[in-house]
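Nothing in this text is a laboratory measurement; each read-out follows from the coordinates by a stated rule. What you are looking at is a predicted structure, and each value in this text was computed from that prediction instead of being measured. With ideal geometry, Cβ positions are generated from the backbone for all residues, glycine too; neighbour counts draw on all protein chains shown.
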Amino acid sequence: MTHRRREDGQGGRAAAFPDDAISTVLRRLVRSGGLLEPHQHAGVNASLSEVLALRELVEQPGMAQNDLAERLGLEKSTVSRLVAGMEQRGWVSRDRDPENRRYLRLTLTADGDETARGIGKRLQEHHRSVLGGLTQSELHALTVGLTALARVIEHVHPSASTDAHKYDSEPV
């Protein structure tokens, strides 16, 4: 396989992907956290998309499927497949909105609610453990830095800012 790189205009070669501090740290976090693969959460094998969808549905029961797609920043067709899989697992029910039959309303089943709350509890414990390894000044710097990064990303990609303001002052 041949790897092509573009010239950086200064006589050297530029990497095909960003090679900066943020990119390096994000890659480490994704790899070490296993974020791209489904893994065990409180005894449940679930993908990151499923976990995030469960959280949204706990926070806003009866959400329209289109709203879930917007909140997750995913295509409607991707969320349709995601929700179908969650429905097969017995976590979600999809019902037509009686006021607008074009919309599907999503509700966690009793099993879905129990699963979401178990995963949430396990994630809280994990976050306490991970964040407990930071000094107060490191935690503060991380909070300030990530909040600033999210603000800039939302400015560059306004569609990503759905409900973003609610996270600006949430404790880590």
Given R₀ = 30 Å, what would the calculated FRET efficiency be for VAL156 paired with ALA21, taking r from the Cβ atoms and rounding to 0.05?
0.95
Karplus 3J(HN,Hα) series, Hz, for the stretch 104-119 with 6.51 cos²θ - 1.76 cosθ + 1.60 (x for Gly, Pro)
9, 9, 10, 9, 6, 6, 4, 5, x, 5, 4, 4, 4, 5, x, 5
If the chain between ALA64 and ASN100 were fully stretched, how many nm would it gain, using 0.36 nm times the residue separation less the Cα-Cα distance?
11.9 nm
Treating only the Cβ of Lys, Arg, Asp and Glu as charged (+1, +1, -1, -1), what charge dipole size does the stretch 28-98 show about its Cα centre? Round to the nearest 20 debye.
260
Scalar couplings 3J(HN,Hα) for the stretch 125-139 by Karplus 6.51 cos²θ - 1.76 cosθ + 1.60 (θ = phi - 60°), nearest whole Hz, x for Gly and Pro, are 4, 5, 5, 4, 5, 5, 5, x, x, 9, 6, 4, 5, 5, 4
Using a cut-off of 10 Å between beta-carbons, work out the net charge of the residues near ARG89 (Lys and Arg +1, Asp and Glu -1, ARG89 not included).
-3
Hey, can you grab everything whose amide H is under 5 Å from the amide H of MET63? Only 5+ residues off in sequence or another chain; H modelled, so Pro and N-termini drop out.
LEU106
To the nearest 0.05, how large is the calculated FRET efficiency for GLN124 and ARG28 if R₀ is 25 Å and r is the Cβ-Cβ distance?
0.65
Could you give each residue of the stretch 89-96 its phi-based ³J(HN,Hα) in whole Hz, using Karplus coefficients 6.51, -1.76, 1.60 with θ = phi - 60°, and x for Gly or Pro?
7, x, 9, 9, 10, 10, 10, 5
